[in-house]
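To keep things clear, I will list the structure first and then write my remarks on it.
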Number of protein chains: 2
Amino acid sequence: MAKIPEFESVDLILQNALNEDDYKKVCQVLYGNPTPQLEISSTAKDLANQYNIELKAYSIPAQEEQTRKPRKVRIGLYQHELPILACSPISEMKDAMQKMAKNVIALASKIGVNIFCFQEAWYMPFAFCTREKIPWCEYAESAENGHTTQLLQNLAKEYNMVIISPILERDGVDTLWNTAVVIDNSGDYLGKHRKNHIPRVGDFNESTYYFEGNTGHPVFETVYGKIAINICYGRHHPLNWLAFGLNGAEIVFNPSATVGALSEPLWGIEARNAAIANGYFTCAINRVGTEVFDNEFTSGDGKPAHRDFGHFYGSSYVAAPNGSRTPGLSRTRNGLLVTEVDLNLCRQVKDHWGFQMTRRLDMYAELLSQATSPSYSPQIIKKK
Amino acid sequence: MAKIPEFESVDLILQNALNEDDYKKVCQVLYGNPTPQLEISSTAKDLANQYNIELKAYSIPAQEEQTRKPRKVRIGLYQHELPILACSPISEMKDAMQKMAKNVIALASKIGVNIFCFQEAWYMPFAFCTREKIPWCEYAESAENGHTTQLLQNLAKEYNMVIISPILERDGVDTLWNTAVVIDNSGDYLGKHRKNHIPRVGDFNESTYYFEGNTGHPVFETVYGKIAINICYGRHHPLNWLAFGLNGAEIVFNPSATVGALSEPLWGIEARNAAIANGYFTCAINRVGTEVFDNEFTSGDGKPAHRDFGHFYGSSYVAAPNGSRTPGLSRTRNGLLVTEVDLNLCRQVKDHWGFQMTRRLDMYAELLSQATSPSYSPQIIKKK
């Protein structure tokens, strides 16, 4: 059966079909305040073309203040497909991925990126649908001093860039975790965060490989701002987002791997809602393309066995605390999204809306404590 | 200065500008699974025309199950502007509102509506921007046996309809509350819920009139399903939505009053995110039009004193736990949105996605308890 080719993006359809006035109205309602495009040098554009990377750059400004200077930071999100076949030998895959990483980080540095983030489990196929332990578990590395961390430490130092590297982690006692490593701009390993919420949904029953993280909700204080990582499925959990806010995050990254049939209508909603509710920037990153495996597998949906589980639809974007967002990268191509944000916007929006002041945390702390008890009696009103 | 006329809706722009294929793609990403239109009788259509009410009807289906029958319920959301000038005498305003209510509930009954909900403080101007106590406090009524409750009890009984009536409440000791009254389908007063989160935002500093509600997060068990009400500004608070879910809500209504400049880009995000995160239907209702007051007031934004605070942009819609949503009502007209939902979808989506199972409530109960302490030490990782 021939597959219908994936379309590039909703944004492109709207841009092509609407007149300028209508486009403006639609964008104001759907996307909030405009996010002006950033100038990109021809050197950077040429490099992006050479690597076949879609390159987009926007800015999200804040108001001027009297007592604080603007705190402008450039965030780079990279979405990509596998550079070679999914079942290629691990060493070949890792080599191809490292080459790609070097190229894209060099490109990002030409656009002044300060904080760079890859997609979830970026250097490997998202093979957890197969339920095969061999060879996929071999992709797991040490967070602290695996090959991937070492490579990125060098690049972070070279380009004065904070790098977030979501990996498959193997710890010292051979437990696997889905982990994001944070490397600071001097190339030092700063810390890690392990995915808090693990899906058991169709092809995404990742609990075959790793369990719920035990690292809490760390916020990493870098020279470019306070950042945190909410890995993939954690975006469906408002409490997970809330917790990073409680710890003071200004930017929360959501490195993901998700396919259309499952989640695409949710994609534009969840990270953006989190930005609004918690007064920080959110960065949603998804991988791209279809990954085909040698051995067939079933998906618990009554359909015949098959060798791929759908199209990763990219569409990475940045959302701001005031509800505005950038257009998305394409649904189909490798892409680098650069967004210059002024972190001062976080506090400005908190002061404006007052969600933090009005949230009555004590009431909910008590309610959640009660609700975790098996004998919790819900507050139900019915006819006597 | 002549004002630019308000445009009708994003949906209409997209429908007119896009070809069928593109429209389908855009809707799938922006709105999720299609929500087929319901047949409406010509009697109902004629009546809607007579009353100058936009009438839209959709269905949100669920899969068939083996052990449960479909649980189809028709929800009616009504958005409206003031029928007469904002500063008309209170008795004239209430008469005009009661007449309007009788008409629209009769109309709703012709389309088989089971649960009907008005917008926030529906029978009065949203006059809280004025900070005048006189005459606006006179609009307040008893939740249990005020005139409005009595009228709606009769209508609820006549049409076998559950009615949610968001009012300005005056209790027995002259404290005011922003309250939603629930009347069951036999015309009995079932209970009330007081708005949990009160804004202090620009013209919406409602704490001049009433304070945070003390009724918790009640879920009302009716013959048409378990329902709850998250009033207006509470939609910005993920914990408020979560609490109604913890108490078993299947439909949560969000009667609101909000203007464009403040919140329109957030409107399509928040109630829909709540539906996804909590596995219930959400119903977002906003009022329509511009309300002009006799006395000028300022808005704390440095602009000159004025007599209206903007256009209520309507755009009421229903969102489903699977992330799909209906188109919105217009931004400009009185409208009745009828949505037939199969409540079985709630449990189906919970089983599919597993957000409830994977949410680690105990971890967050502990975190929230800690975070409410003034001595809370956030989890921050920085360079040693």
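Can you give me the ranges of the strands (runs of 3 or more DSSP E) entirely in segment A:201-311 with at least 2 residues that are among the aliphatic types (A, V, I, L, M)?
A:225-229, A:251-255, A:281-285
In the list B:Glu120, B:Glu169, which residue meets the criterion of being in contact with a Ser or Thr (Cβ under 6 Å, 6 or more places away or on another chain), touching a residue at least 24 places away in the same chain (Cβ under 8 Å), more than 14 Å from chain A (Cβ to nearest Cβ) and in a strand (DSSP E or B)?
Every option except B:Glu169 fails the conditions.
So is A:Asn19 among the polar types (S, T, N, Q) and under 18 Å from A:Leu336 (Cβ atoms) or not?
no
Answer with yes or no whether A:Arg307 is more than 9 Å from chain B (Cβ to nearest Cβ), within 23 Å of the chain's Cα centre (by Cα), surrounded by fewer than 19 Cβ atoms within 10 Å (Cβ to Cβ) and more than 29 Å from B:Gly202 (Cα to Cα).
Judged against the criteria, A:Arg307 is not a match.
Please go through segment A:312-338 and give me each residue that is part of a strand (DSSP E or B) and of a type in the set (Gly, Ala, Ser), ordered by number.
A:Ala319, A:Gly335
Could you grab me the full set of residues in segment B:15-39 that are more than 25 Å from A:Glu270 (Cβ to Cβ) and out of contact with any helix residue (DSSP H, G or I) (no Cβ under 8 Å at 6 or more places or on another chain)?
B:Asn16, B:Glu20, B:Asp21, B:Pro36, B:Gln37, B:Leu38, B:Glu39
Farther than 23 Å from A:Ile198 by Cβ, among the acidic types (Asp, Glu) and within 14 Å of chain B (Cβ to nearest Cβ): is that true of A:Asp301 in this structure?
In short, no.
I need every pair where a residue in segment B:362-373 that is more than 8 Å from chain A (Cβ to nearest Cβ) has its Cβ under 7 Å from the Cβ of a residue that is not in a helix (DSSP H, G or I), sequence separation at least 6 or different chains.
As it stands, the answer is B:Gln370/B:Tyr376, since those pairs meet every condition given.
Could you list all residues from segment B:236-271 that are away from every other protein chain (no Cβ under 11 Å) and among the acidic types (Asp, Glu)?
B:Glu250
Tell me which helices (runs of 4 or more DSSP H) are completely within segment B:1-86 and hold 1 or more residues being within 11 Å of another protein chain (Cβ to nearest Cβ), or say none if there are none.
Per the criteria, B:10-17, B:20-31.
Return the pair list, or none, for Cβ contacts closer than 6 Å from residues in segment B:217-235 that are more than 25 Å from B:Lys72 (Cα to Cα) and at the interface with another protein chain (Cβ under 10 Å from one of its Cβ atoms) to residues that are assigned to a loop (DSSP other than H, G, I, E, B) and modelled with pLDDT of 95 or more, at least 6 apart or on different chains.
Sorted first by the residue in segment B:217-235, then by its partner, the pairs are B:Tyr233/B:His197; B:Tyr233/B:Pro199; B:Gly234/B:Asn196; B:Gly234/B:His197.
If A:Leu242 satisfies every condition in (1) more than 27 Å from A:Arg170 (Cβ to Cβ); (2) without any contact (Cβ under 8 Å) to a residue 12 or more places away in the chain but one, which is the exception?
For A:Leu242, the failing item is (2).
Can you spot a residue in segment B:328-339 that is at the interface with chain A (Cβ under 10 Å from one of its Cβ atoms) and under 18 Å from B:Leu77 (Cβ atoms)?
yes
Among the residues that make up segment B:344-358, is at least one of them part of a loop (DSSP other than H, G, I, E, B), surrounded by 21 or more Cβ atoms within 10 Å (Cβ to Cβ) and either within 13 Å of chain A (Cβ to nearest Cβ) or among the hydrophobic types (A, V, I, L, M, F, W, C) (or both)?
Yes: one or more hits.
Looking only at residues that are among the basic types (Lys, Arg) and touching a helix residue (DSSP H, G or I) at 6+ places or on another chain (Cβ under 9 Å) in segment B:193-221, which one is surrounded by the fewest Cβ atoms within 10 Å (Cβ to Cβ)?
B:Arg200
Test A:Ala274 against the stated conditions and say whether it is in contact with a strand residue (DSSP E or B) (Cβ under 6 Å, 6 or more places away or on another chain), more than 9 Å from every other protein chain (Cβ to nearest Cβ) and crowded, with 24+ Cβ neighbours inside 10 Å.
Considered against the rule, which asks whether it is in contact with a strand residue (DSSP E or B) (Cβ under 6 Å, 6 or more places away or on another chain), more than 9 Å from every other protein chain (Cβ to nearest Cβ) and crowded, with 24+ Cβ neighbours inside 10 Å, A:Ala274 comes out as no.
Taking the condition in contact (Cβ under 8 Å) with a residue 24 or more places away in the chain, closer than 30 Å to B:Val292 by Cβ and either among the aliphatic types (A, V, I, L, M) or touching a Gly at 6+ places or on another chain (Cβ under 9 Å) (or both), does B:Glu81 pass?
The answer is yes for B:Glu81.
Quick one: B:Ser315 ticks every box in (1) among the polar types (S, T, N, Q); (2) within 28 Å of A:Tyr233 (Cα to Cα); (3) touching a helix residue (DSSP H, G or I) at 6+ places or on another chain (Cβ under 8 Å); (4) at the interface with chain A (Cβ under 9 Å from one of its Cβ atoms) bar one, so which box is it?
Going through the list (1) among the polar types (S, T, N, Q); (2) within 28 Å of A:Tyr233 (Cα to Cα); (3) touching a helix residue (DSSP H, G or I) at 6+ places or on another chain (Cβ under 8 Å); (4) at the interface with chain A (Cβ under 9 Å from one of its Cβ atoms), B:Ser315 breaks only (2).
Go through the residues of segment A:126-142 one by one and say whether even a single one is part of a helix (DSSP H, G or I) and out of contact with any helix residue (DSSP H, G or I) (no Cβ under 8 Å at 6 or more places or on another chain).
yes
The values are calculated or read from the model by the stated rules, or taken from the named source; none is laboratory data. Just so you know, these numbers come straight off a predicted model, no measurement behind them. Cβ sites come from the backbone with ideal geometry, for glycine too, and all protein chains shown count toward neighbours.
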